[in-house]
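Report on the structure given below.
The values are calculated or read from the model by the stated rules, or taken from the named source; none is laboratory data. Predicted, not measured: the structure shown is a model, and the values here were computed from it. Here Cβ is always computed from backbone atoms with ideal geometry, including for glycine, and neighbour counts include all displayed protein chains. Side chains included, ligands, DNA and RNA excluded: accessible areas come from the protein's heavy atoms. Shrake-Rupley method; radii C 1.70, N 1.55, O 1.52, S 1.80 Å.
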Amino acid sequence: MLRSVRRKVPWIVVFEAAMMMRARWRELPPHERTRLADLAKKSGGRPQRLTRDERAEFRRIAKGLDLFGVARDLAPFGRRMGRRH
């Protein structure tokens, strides 16, 4: 099963998404990048591990990454991947 999944993943899209996220990450001020990384490590992927104020801070900083913009920029790739010839 893993082999078939690996073949179906459009690696160029994964690479493009990584490059877009890298560019947005670098646009954040260094102190915000550090704080966001610290909060992500502390949460371990579970928002309940953060206090209400820390969750609010995480959301505020993450808005600077413009994740909806990444999705919008990747939309043309999604349309091409959906076609079958």
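A search for C-beta distances below 6 Å between a residue of the range 59-75 that is without any contact (Cβ under 8 Å) to a residue 12 or more places away in the chain and any residue that is β-branched (Val, Ile, Thr), counting only pairs 6+ apart in sequence or on different chains, returns nothing.
Can you work out which of the residues in the range 48-57 that are open to solvent by less than 70 Å² (accessible area, probe 1.4 Å) and in a helix (DSSP H, G or I) is nearest to Leu28 (Cα to Cα)? Applying the filter and picking the extreme gives Glu57.
Gly45 meets the conditions (1) outside any helix (DSSP H, G or I); (2) open to solvent by less than 60 Å² (accessible area, probe 1.4 Å) in every case but one. The failed one is (2). For the range 58-85, name all the residues that are modelled with pLDDT of 85 or more, small (Gly, Ala, Ser) and loosely packed, with under 12 Cβ neighbours inside 10 Å. Selection gives Gly69 alone. Within the range 22-50, residues that are among the aromatic types (Phe, Trp, Tyr) have Cβ atoms under 8 Å from residues that are not in a helix (DSSP H, G or I) in these pairs: Trp25/Leu65, counting only partners at least 6 apart in sequence or on another chain. Note on the range 29-41: among residues that are open to solvent by less than 40 Å² (accessible area, probe 1.4 Å) and under 14 Å from the mean Cα position of the chain (by Cα), the one that is farthest from Gly64 (Cα to Cα) is Ala37. On inspection, Trp25 qualifies as within 14 Å of the chain's Cα centre (by Cα) and of a type in the set (Phe, Trp, Tyr).
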